[in-house]
Amino acid sequence: KMQASLIRRLEEPDIEVVNCHAISLDEQFLALCANAEEIYIFELVSEQYQRTDAVLAKHSQRVTGLDWSCHRRLLSVSEDRTAFVWQQDSDGKWRPSNVELKAQRAALCAAWSPDGDRFAVGLSSKDTALCYWHEEVNCWVAMKVGKAKAAITALAWHPSSQYLATGSTDRHCVVYDVSMSEEGAGPGFGTPQVTEDAGAWINDIAFSNGNVLAFTCQDATVRFKSLVGGRDAPVENIRWRGLPFLRLAFVGRTQLVACGFDYVPVLFLQRDGAWQVAGKLDLGAAVPSSGPGAARESYDEARKRFRPTSSGKASTSEHSNTITSCCPLKDGRFSTSSLDGTVIVWELS
């Protein structure tokens, strides 16, 4: 049975909620947003994250997405319809580069391409902005990709950086060809390669190094599609007996971590060519029951769930509220942040 050990835990007295976070590939920097417009930067000092003086304050509304590139650039997007790319100068200050996003509605999610040359921003205006650096105008410029019937809530890049998967509240997961060369967009740029109707809102998407596309929906399912079999390959549909997942992260070719409303990371494994639930990774966790028997829970038991313990935290799991984001790291590690105000780095064992 696989378990996850807790490597680091970040808890700041003045941060009550973390709605999104991102950790750089070398794990040296952690950026988080406390459900507001400021971004706080933490640095790894003797194996623990310590708060720096840097507070990135260019957004005027809530930050909705953060992501680090392989070149240690930080991307931030917000409900104020803007995006910024932050880079640390030699003097230690974080300086923003402008992004010509041309967004008419709020930005909901963001992701750097694995090669660090481009990034994508999912918009409430039902399309995706694909941004690249334009030397002549000295800023990041957006090209629009695809058009959904509702807001784009999830993004994932293929490891080759040539394909981009988008998920929307119109229930569809679409993989687009976004290949570009020195001359500009490739001949197939923006054409859908794979389209899947999930039957429910799509909360998150992830690509594995083994060419597997995974997406999780509001109906508490996780679906897997091996792209080796082409666009018509079957979709494996795994139903979770708890509450829906909000975030996914591949921590290996055959290992996927999902987390959300149950407060606990859950591991999915591929065994003998089929995906299955391996179980919860948080040992002390008592997941709220769901299903036919859930209605029999007594009124007192239901009230106990909302009553804080003496420390102000429920003691059943490491997180005591919904997990809001999950970042894959190296060597079987991943990090989670939660509405309880904590960020935890885990390692599969």
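Below 8 Å, C-alpha to C-alpha, sequence gap of six or more: please give me the relative contact order for region 88-138 in percent. Mind dumping the intermediate values first?
On the way: 58 pairs, mean separation 13.1, N = 51.
With pairs under 8 Å counted, the relative contact order is 26 percent.
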Region 157-260: GluC sites (Glu not before Pro) in DSSP coil with no more than 10 other Cβ atoms inside 10 Å
182, 183
Could you let me know the centre-to-centre spacing of region 39-92 and region 206-262, using Cα atoms, in angstrom?
28
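Sorting 197, 89, 127, 232 by accessible area (1.4 Å probe), largest first, what list results? Before the final figure, lay out each step's value.
Details: 197 85, 89 60, 127 20, 232 140 Å².
Ranked list, largest accessible area first: 232, 197, 89, 127.
Run through region 61-131 and list the trypsin sites (Lys or Arg not before Pro) located in a DSSP loop whose Cβ has at most 14 other Cβ atoms within 10 Å.
Taking region 61-131 and a limit of 14 other Cβ atoms within 10 Å, the loop trypsin sites (Lys or Arg not before Pro) found are 93, 102, 105.
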Which GluC sites (Glu not before Pro) in region 11-92 pass both tests, a DSSP loop state and at most 10 other beta-carbon atoms within 10 Å?
47
Using Cα-Cα distances under 8 Å and only pairs 6 or more residues apart, what relative contact order does the chain have, in percent?
14
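What is the chain by shape, rounded, prolate or oblate, if you read a ≥ b ≥ c off the alpha carbon gyration tensor as root eigenvalues and call it rounded for a/c under 1.5, prolate for a/b larger than b/c, and oblate otherwise? It would help to have the intermediate numbers written out before the result.
Values: a/c = 1.68, a/b = 1.19, b/c = 1.42.
Oblate is the answer for the chain, as a/c is 1.5 or above yet b/c matches or exceeds a/b.
Of 166, 254, which has the most accessible area with a 1.4 Å probe, and how do the rest follow in descending order?
On the way: 166 5, 254 60 Å².
Order by accessible area, largest first: 254, 166.
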Give the total of Lys-Lys pairs in the chain with Cα-Cα distances below 12 Å; include a pair only if its members are 8 or more places apart or on different chains.
5
What does the charge count around residue 238 come to, taking other residues whose C-beta lies under 14 Å from its C-beta (Lys +1, Arg +1, Asp -1, Glu -1)?
+3
Give me the percent of accessible area attributable to carbon and sulfur for the chain, probe 1.4 angstrom.
46
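Whenever you get a sec, line up 320, 90, 76 from highest to lowest accessible area (probe 1.4 Å, protein heavy atoms).
Details: 320 25, 90 135, 76 0 Å².
Result of the area sort, largest leading: 90, 320, 76.
The values are calculated or read from the model by the stated rules, or taken from the named source; none is laboratory data. Everything quoted here is computed from the prediction, not taken from an experiment. Don't worry about glycine lacking a Cβ; one is built from the backbone with ideal geometry, like all the others, and counts go over all protein chains shown. These area figures cover heavy atoms from the full protein model, side chains too; ligands, DNA and RNA do not enter into them. Shrake-Rupley method; radii C 1.70, N 1.55, O 1.52, S 1.80 Å.
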